[in-house]
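The values are calculated or read from the model by the stated rules, or taken from the named source; none is laboratory data. Every value quoted in this text rests on a predicted model; they were computed, and no experiment measured them. Because the Cβ atoms are built from the backbone with ideal geometry, glycine has one as well, and the counts that use them run over all protein chains shown. Ligands, DNA and RNA are excluded from the accessible area calculation, which covers all protein heavy atoms including side chains. Shrake-Rupley method; radii C 1.70, N 1.55, O 1.52, S 1.80 Å.
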Amino acid sequence: QGETLVVGAETARDASRPGYSFGFPSGPATGVTTNAGYAELDSDLGNGLHDDAAIRYDDNSRYGNKVTYHIAPAWMIDATGTRLKASFGTGFKAPALQELFGGFGANPNLKPETSTGYDAGFEQSLLGTVSGGATWFHNDIKNLIVNGPAPDFLYGNIGRARTQGAETFLAWKPLETLSLQANYTYTDA
């Protein structure tokens, strides 16, 4: 009771035919296979405390294996209509086959992206029909994949990148069938 567990597995194969790839002439057939498994535990800890924890294992035929995770606790204070929340997690993104071998701009020497990110914020309910909130976030990314400058537009990795900022929202539900919401995000990259 109060616990929900989700588990799963997936496999993906991305491949190109020899001689023609993504609209450009290419060499021999290429392909990347990724097998993954994941688990997520959603917990109601009582007294308004809630937690979500997830773990994922990716086995990529080109880049090996990587474990990533995410944890997101929250506390709902019913007396004031306030929700405090935070999260911390890691990420992994292998280059797409098009970025590696897709002809114009492709770069077979790309490295996968990895990241670490965290955030903290709140949401507040007012008068039952109005709510708002703000979240501060920070992400550190290694080997960010970007499309390079002209004339060749060659994909490349940026060794380290950082994004941080704040997200805010204000919502109003004047009628049961009508909801209005305004959002604003400030990002410093």
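Here V146 sits with roughly 50 square angstrom of accessible surface, probe radius 1.4 Å. Against the criterion of solvent-accessible heavy-atom surface with a 1.4 angstrom probe, L5, L180, L144 sort, most first, into L5, L180, L144.
Label sites at V67 and A150, each approximated as a point 7 angstrom past Cα along Cα to Cβ, lie 4.8 nm apart.
Between T11, T168, T177, the residue with the greatest mean-square fluctuation in the GNM of the chain (Cα pairs under 10 Å linked by springs) is T177.
Of the solvent-accessible surface of the chain, computed with a 1.4 Å probe and all protein chains present, 59% belongs to carbon and sulfur.
By per-residue mean of other Cβ atoms within 10 Å, what is the highest-first order of 122-131, 33-42?
So the order, starting with the most tightly packed, is 33-42, 122-131.
Qualifying trypsin sites (Lys or Arg not before Pro) in the range 76-113, where qualification requires a DSSP coil assignment and no more than 16 other C-beta atoms within 10 Å, are lacking entirely. The Cα atoms of the chain cover 65, 40, 35 Å along the three principal axes, with the biggest extent listed first.
Report relative contact order for the chain in percent, whole number only (criteria: Cα-Cα under 8 Å, sequence separation at least 6). Over the chain, the number comes to 13 percent.
Any idea how many Lys pairs in the chain come in under 21 angstrom at the alpha carbon, given 8 or more places apart or on separate chains? All intermediate terms of the calculation are to be shown ahead of the outcome.
On the way: K66/K93; K66/K111; K66/K142; K93/K111; K93/K142; K111/K142.
The number of close lysine pairs in the chain is 6.
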